[in-house]
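These notes concern the structure reproduced below.
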Amino acid sequence: MPQQIVIFDMDGTLLSADSTKIWLTQQLKSNPIRFIFALVILPIAMLLMQIKRFKGFGASLFVWVATFGLSEHQLKTNFSNFAHHLKGLHWFADALTTLNEHLAQNRRVIVVTAAPEWLAQALISSLHLNIEVLGTPLKPVFSGWVGGQHCSHEQKVTRLKEIGITAPWFATYSDHIKDDYPILSHCENSYLINSNAQHSKFKHLTWH
């Protein structure tokens, strides 16, 4: 019998808040020059982030400012330090219990998130569990880093297909019906976490 696949979103599903936003805020505030430059680009970046087509590009402007001058090793170390000293967010205890139950039943657990893949890997690695991670790849541009193909909505299904995961898999957990409808609708058991959205096809769970 093929191994059952369970997909988790990360921010708002396993974690209590947007990890990328919190990491960016801490990273920018830690350096006055980065912070001032972020304020300068804020209007254009926020405008771009309101447009679905350019949302990833708008976010990448902040990521570039926050990572300017960092090598790959330095950036991964930065993410690791953030993951091991969480401030401003926490893991949902019930979510981790559910995740561990799936692992105990020998199911393959994959976290698929729009967060930068290296950040997500650092966060998940801090749990010391056998979990795979797919996220938005980062690429170097002019001494900083920006996001590649944004791992959101239908792109999450595409990334799963690239590693051999095709529908229908066993279960999906997410907090956002709009952003994650593709992965919620491509499985046998779909769960909305901390969501007020109503949809007869999806079961509702609340983790606080």
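Scanning region 178-201 for residues that are closer than 21 Å to LEU96 by Cβ and among the hydrophobic types (A, V, I, L, M, F, W, C), we see that the one that is farthest from the chain's Cα centre (by Cα) is CYS187. Taking interchain pairs and intrachain pairs at least six residues apart, which have beta carbon atoms under 6 angstrom, with the first residue in region 35-47 and free of Cβ contacts under 8 Å to residues at least 60 places away in the same chain and the second not aromatic (Phe, Trp, Tyr)? Pairs that qualify, where the first residue is free of Cβ contacts under 8 Å to residues at least 60 places away in the same chain and the partner is not aromatic (Phe, Trp, Tyr), are PHE35/LEU28; PHE35/LYS29; PHE37/VAL65; ALA38/LEU28; ALA38/VAL65; ILE41/LEU61; ALA45/GLY58; ALA45/LEU61. In the set (1) touching a Phe, Trp or Tyr at 6+ places or on another chain (Cβ under 6 Å); (2) of a type outside the set (Gly, Ala, Ser); (3) open to solvent by less than 40 Å² (accessible area, probe 1.4 Å), the condition left unmet by VAL133 is number (1).
Restricting region 192-208 to residues that are crowded, with 16+ Cβ neighbours inside 10 Å and in contact with a Ser or Thr (Cβ under 7 Å, 6 or more places away or on another chain) leaves a set whose member that is farthest from ILE7 (Cα to Cα) is ASN194.
Residues that are β-branched (Val, Ile, Thr), in contact with an Asp or Glu (Cβ under 6 Å, 6 or more places away or on another chain) and at negative phi occur at least once in region 179-201. The single condition among (1) part of a strand (DSSP E or B); (2) modelled with pLDDT of 95 or more that HIS204 does not satisfy is (2). Checked against the criterion of being out of contact with any strand residue (DSSP E or B) (no Cβ under 9 Å at 6 or more places or on another chain) and either closer than 16 Å to LEU42 by Cα or buried (at least 20 other Cβ atoms within 10 Å of the Cβ) (or both), the candidates PHE62, PHE57 yield just one match: PHE62. Among the residues making up region 136-170, those that are of a type in the set (Gly, Ala, Ser), in contact (Cβ under 8 Å) with a residue 60 or more places away in the chain and open to solvent by less than 60 Å² (accessible area, probe 1.4 Å) are GLY144, GLY147, SER152. Taken over region 1-45, the residue count meeting the criterion of being open to solvent by less than 20 Å² (accessible area, probe 1.4 Å) and among the small types (Gly, Ala, Ser) is 4. Mind checking which residues of region 180-208 are touching a residue at least 60 places away in the same chain (Cβ under 8 Å) and touching a Leu at 6+ places or on another chain (Cβ under 6 Å)? The one that is touching a residue at least 60 places away in the same chain (Cβ under 8 Å) and touching a Leu at 6+ places or on another chain (Cβ under 6 Å): ILE193.
For region 100-117, taking the residues that are in contact (Cβ under 8 Å) with a residue 40 or more places away in the chain and over 10 Å from the mean Cα position of the chain (by Cα), the one that is surrounded by the fewest Cβ atoms within 10 Å (Cβ to Cβ) is identified as ASN106.
Could you please let me know if LEU39 is at pLDDT below 95, more than 17 Å from the chain's Cα centre (by Cα), under 16 Å from HIS150 (Cα atoms) and outside any loop (DSSP other than H, G, I, E, B)? No, not satisfied. With respect to ALA66, is the statement that it is assigned to a helix (DSSP H, G or I) and under 21 Å from SER174 (Cβ atoms) true? When the stated conditions are applied, ALA66 does not pass them.
Does region 43-59 contain at least one residue that is more than 22 Å from the chain's Cα centre (by Cα) and more than 27 Å from SER125 (Cα to Cα)? Yes, the conditions are met somewhere in region 43-59.
The values are calculated or read from the model by the stated rules, or taken from the named source; none is laboratory data. In this text the structure is predicted, and so the values were computed from the model without any measurement. When we count neighbours, we look across all protein chains shown, and the Cβ atoms used for this are built from the backbone with ideal geometry, even at glycine. Note: areas computed on protein heavy atoms with side chains; ligands, DNA, RNA excluded. Shrake-Rupley method; radii C 1.70, N 1.55, O 1.52, S 1.80 Å.
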